[in-house]
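First up is the structure itself, then whatever we jot down about it.
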Amino acid sequence: MAKQQRILNQSLEPSDRSANQTNKSSPDKNIVTALLVIIVLFFLFPLGRYLTRHNRFFGQQNYIPYSASSAPTQAISNQTNSPNIISVKENDNLPIQTTGFIIYFKLIPVKGGRPRETTLDGDIWKADPTGANPQKIYAHHLVANEHPQWDISPDNTTLVTRDDSGNLVSVNISTSKSMSLGLFGQAPQYSPDGKKILYFGHGPSYSSSNGLYVINSDGSNNKRVYPPPSSTTNEPDEYYTPQVWSPDSQRVVFEASQNGFSVIKIANVDTGAVETILDETILKSFNFNYNYLHTPLWGSSTTNQIAFVMERAESVPTLDTKLGLYDVSSKKVIAADYILPHWSRGSSYSPDGKKIALPPLNPSLNDEKSYDLALINEQGKTLNVFNMGSGIGGTCGWSADGRYLLIAGGSLLMIFNPAKQSYRTIVEGVFGTETNCWSK
């Protein structure tokens, strides 16, 4: 029988033998192929959503959700061509002539590791604006999957942060002495008058409900400003919203979920009154078609303006992202002329409220491997776009005099002078968190 089988195989043409062998193994191959396809799709789909949302491989493009020919003039009247991109150079001898100090999160080097190799643990440090006279003020140690978070009091004497267990902690910047406030929370922020601290969290225990809370600066009088309602609507966004104080220390602005979409609300910390100031319906009255609104920033008392991001929440994210500007007094909305392929929590108003710095996270029009920093005025006009060079991207904050920007990108901390069109690296081995900041 074996001999007959060998004769049969020899009599088959090569193509017939191949087909015969393929047919025998095809069921197993089909199963393996199907599993591979499922695995690839499982990883590629969320990756594609992320890349599209953050525009990692696309240049800046003027996508709008409506037809430009039929859209009302008000909606696109301030859409202008971006100014020429200014190439920025690194200058190790750049003069830094400003007062105060900087606070940053420095990662701990790996023992016996390669140069600049660090762990994910680190501490909060203080230094002069040039990086000189560094001083460790708090052993923070990075909580897994979480950015270090802190804020400096308006008188520059105290820092509020959280420890490894999620407890809010007050730290004396001069002596490094810390005191637990006995509350579980994150994203703490001093009010402009320094009397209160806003945070998102649970309050005195993890058994308490999530919400926005306000306490006195010494940790007393814990009060929930925005209590979460049912499990389906109006809960503040824990991860993306920088809950921000108004300049008069009486209100806070934040992002919330409403009917499945993100809206922006204002809450009065004394009365508890809550107002939805921006949602899809309100924006449509200004001829803007967006339903995902997030990342509000409140400017100075002079401008009394709230900047926010508006985009479409689609099953497949679009590349249409605009910076909206809301006038608190008139309640009118305009759109800035700078197209946002990506938005960072590190964006910030200048101290006088007349400029907004958008951090270098946007791929350049000329080279998608490089990154740009944009300055926009309170009317939404792009003032300058600076190409910071390949690989530099991060968060930024203003010096108290409004002359310099502190940029954290990768593992570097840099001081950028827009007037000189150059920057200087002052610290290496930092964590690029949005809370690296100047004294006030």
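Tabulated data for the structure shown
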item: Residue under evaluation I415, criteria (1) more than 18 Å from D92 (Cα to Cα); (2) buried (at least 21 other Cβ atoms within 10 Å of the Cβ); (3) modelled with pLDDT of 85 or more, criterion not met; result: (1)
item: Candidate set from the range 331-358 (those that are at pLDDT below 80 and more than 18 Å from W245 (Cα to Cα)); member that is nearest to the chain's Cα centre (by Cα); result: S344
item: Tally of residues being at pLDDT 90 or above and either in contact with a strand residue (DSSP E or B) (Cβ under 6 Å, 6 or more places away or on another chain) or buried (at least 20 other Cβ atoms within 10 Å of the Cβ) (or both) across the range 419-438; result: 7
item: Top-ranked residue of the range 372-412 - restricted to ones that are at pLDDT 90 or above and at positive phi, ranked as surrounded by the fewest Cβ atoms within 10 Å (Cβ to Cβ); result: G402
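The values are calculated or read from the model by the stated rules, or taken from the named source; none is laboratory data. Source: prediction; values computed, not measured. Note that we place each Cβ from the backbone using ideal geometry, even for glycine, and neighbour counts take in every protein chain shown.
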